[in-house]
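One structure below.
The values are calculated or read from the model by the stated rules, or taken from the named source; none is laboratory data. As the structure is a prediction and not an experimental result, all values here were calculated from the model. Counting neighbours? That spans all protein chains shown, and the Cβs are built from the backbone with ideal geometry, glycine included.
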Amino acid sequence: MTDRRIAITGLGCVSAVGMTADETWAGLKAGHCGIGPLTDRAEDLKVTIGGEIPGDITEGFPPRQLPALDPFTIIALRAARQAMAQAGLTVEEDFATRVGCIIGVGYCGMHVVEEGYRNIFLHGGKRAHLMTVPRTMPVAPAGQISMEFGIKGPVYGVTSACASANHAIGAGYQAIKAGLADVVVVGGTDSPLIWGILKGWDALRVLAADACRPFSLNRRGLALADGAGVAVLERWDHAKARGATILAELAGAGMTADAADLVMPGIDGPSRAIEQCLQSGDIAVGDVDYVNAHGTGTKANDSTETRIIRKVFGGHADDLAVSSTKSMHGHALGGSGAIELVACVNAINEGVVPPTVNYDEPDPDCDLDVTPNVMKKREIDVAISNSFAFGGTNAVIAVRKA
């Protein structure tokens, strides 16, 4: 690895809180909760709430293109268009091989799979949709983004459940540090609000019945959501040379595994991921001002994450601002980390900590400053974002003021 600094020059987002990165941030800052009653819920589902995207995701796509795209790819493309536009980046042919695209997904294109199953098993259909295979592939979002923008460097998908986006962002960080690319479009996407996936989460008994309340004593679980986020990463001197506006620095990344339990969070693996992230960016624990927590709203996750933060930061944990923006945009699985990157960059630039909404009463096992219900002003030089996933896969990124 070299000492190349990495600039963030573009952000895009489609979430339950807004159709763009700016709309999403405005909603998060204001404490707007995008989680509500599901509009198309099958009667045999116990889950009643989720984070639905508040607009037509297909707007701006020609009808001839849509048969090749599943919703998780559509929202990733929308986010990528925003990020590339903000970055002011055009991928010229002579530079295309120095540009990469890495997009994380927790699932894949499940909408076309479910439609196919229903057609065949319930309605007597004889064949699947012609584009089932290319629409479902976990690499579909990265591949479609590469084709739209002419990206010819390292292009691939990353899948590690809820840590997928942060793993993709970390992989882009590593690619630039290693000299494999000068620009990498990174992020994550998922669209899990369909019957089959919701039915599976029903069985796990970790979904909230009425609201997602991270760190609150009466929390009862998470709320699934559709969503995607994309960022443009660049070698710092490359961004400077072309006169790009640098939004923030991607300062560090850490990735570890628990190698323990499939679904129960641990202490050691996530702690090492945070420590590795800080070490990679030469960041002291006392330099961190804000933690965007994994903060799913389950009993086990939030109390365990509190212990993780206290283990890594020691006495400085009491000086940290912490919040879970999942309380507003929901848990978009493979898309969550990228939405949370949007929150971290804007928190740094505006000196605002977004709140943890729906917070009712303190939990002694979650004794951090979790920014209950209302945002607060605070100077933020360094923020970290935690993603701790099923399978014991952990990925943490650090963002520093430019």
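So that you can scan it fast, the table gives a plain yes or no per residue for (1) more than 15 Å from ASP226 (Cα to Cα); (2) crowded, with 20+ Cβ neighbours inside 10 Å; (3) modelled with pLDDT under 95; (4) among the basic types (Lys, Arg):
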residue: THR2; (1), (2), (3), (4): yes, no, yes, no
residue: VAL17; (1), (2), (3), (4): no, yes, no, no
residue: ALA21; (1), (2), (3), (4): no, yes, no, no
residue: GLY31; (1), (2), (3), (4): yes, no, no, no
residue: LYS46; (1), (2), (3), (4): yes, no, yes, yes
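Would a scan of the stretch 326-343 turn up a residue that is among the hydroxyl-bearing types (Ser, Thr, Tyr), under 17 Å from GLY170 (Cα atoms) and in a helix (DSSP H, G or I)?
Keep residues of the stretch 326-343 that are among the hydroxyl-bearing types (Ser, Thr, Tyr), which gives 327, 336.
Going one step further and asking which of them are under 17 Å from GLY170 (Cα atoms), we end up with 336.
Still in the running and in a helix (DSSP H, G or I): 336.
Yes, the stretch 326-343 contains a residue that is among the hydroxyl-bearing types (Ser, Thr, Tyr), under 17 Å from GLY170 (Cα atoms) and in a helix (DSSP H, G or I).
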Looking for something outside the structural domain of GLU340 (by TED's automatic domain parsing), at pLDDT 95 or above, more than 16 Å from ASN166 (Cβ to Cβ) and over 20 Å from the mean Cα position of the chain (by Cα) - is there at least one such residue anywhere in the stretch 246-257?
yes
Residues located in the stretch 159-215, provided they are within 27 Å of LEU262 (Cβ to Cβ), in contact with a strand residue (DSSP E or B) (Cβ under 6 Å, 6 or more places away or on another chain) and in a helix (DSSP H, G or I)
SER164, ALA165, ASN166, HIS167, ALA168, ILE169, GLY170, ALA171, TRP201
Residue list for the stretch 119-145, restricted to those being part of a helix (DSSP H, G or I) and in contact with a helix residue (DSSP H, G or I) (Cβ under 9 Å, 6 or more places away or on another chain):
THR132, PRO134, ARG135, THR136, ALA140, PRO141, ALA142, GLY143, GLN144, ILE145
ALA317 fails exactly one of (1) over 17 Å from the mean Cα position of the chain (by Cα); (2) at positive phi, namely (2)
Could you please find all residues in the stretch 294-322 being surrounded by fewer than 24 Cβ atoms within 10 Å (Cβ to Cβ), in contact with a Lys or Arg (Cβ under 6 Å, 6 or more places away or on another chain) and under 24 Å from ILE35 (Cα atoms)?
ALA321
Assess whether ILE145 counts as being buried (at least 16 other Cβ atoms within 10 Å of the Cβ), over 24 Å from HIS238 (Cβ atoms) and among the β-branched types (Val, Ile, Thr).
no
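One line per residue, one yes/no per condition, for (1) out of contact with any Pro (no Cβ under 7 Å at 6 or more places or on another chain); (2) buried (at least 23 other Cβ atoms within 10 Å of the Cβ):
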| residue | (1), (2) |
| --- | --- |
| ALA83 | yes, yes |
| GLU93 | yes, no |
| VAL99 | yes, yes |
| GLY104 | yes, yes |
| VAL112 | yes, no |
| THR136 | yes, no |
| GLY150 | yes, no |
| GLY157 | no, no |
| ASN166 | yes, yes |
Among the residues of the stretch 60-73, is there at least one that is aliphatic (A, V, I, L, M), outside any strand (DSSP E or B) and closer than 17 Å to LEU224 by Cβ?
no
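Residues PRO67, PRO134, PRO71: which one is in contact with a Leu (Cβ under 8 Å, 6 or more places away or on another chain) and touching a residue at least 40 places away in the same chain (Cβ under 8 Å)? Working first, answer last.
Working: PRO134 fails: in contact with a Leu (Cβ under 8 Å, 6 or more places away or on another chain); PRO71 fails: in contact with a Leu (Cβ under 8 Å, 6 or more places away or on another chain).
Just one listed residue meets the conditions, PRO67.
I'd like the full set of residues that are β-branched (Val, Ile, Thr) and either under 13 Å from GLY27 (Cα atoms) or in contact with a Lys or Arg (Cβ under 8 Å, 6 or more places away or on another chain) (or both), limited to the stretch 342-363. Write out each step before concluding.
Looking only at the stretch 342-363, we keep the residues that are β-branched (Val, Ile, Thr), and these are 342, 345, 348, 352-353, 356-357.
Once the filter is applied, which keeps residues that are β-branched (Val, Ile, Thr) and either under 13 Å from GLY27 (Cα atoms) or in contact with a Lys or Arg (Cβ under 8 Å, 6 or more places away or on another chain) (or both), the stretch 342-363 yields VAL342, ILE348, VAL352, VAL353, THR356, VAL357.
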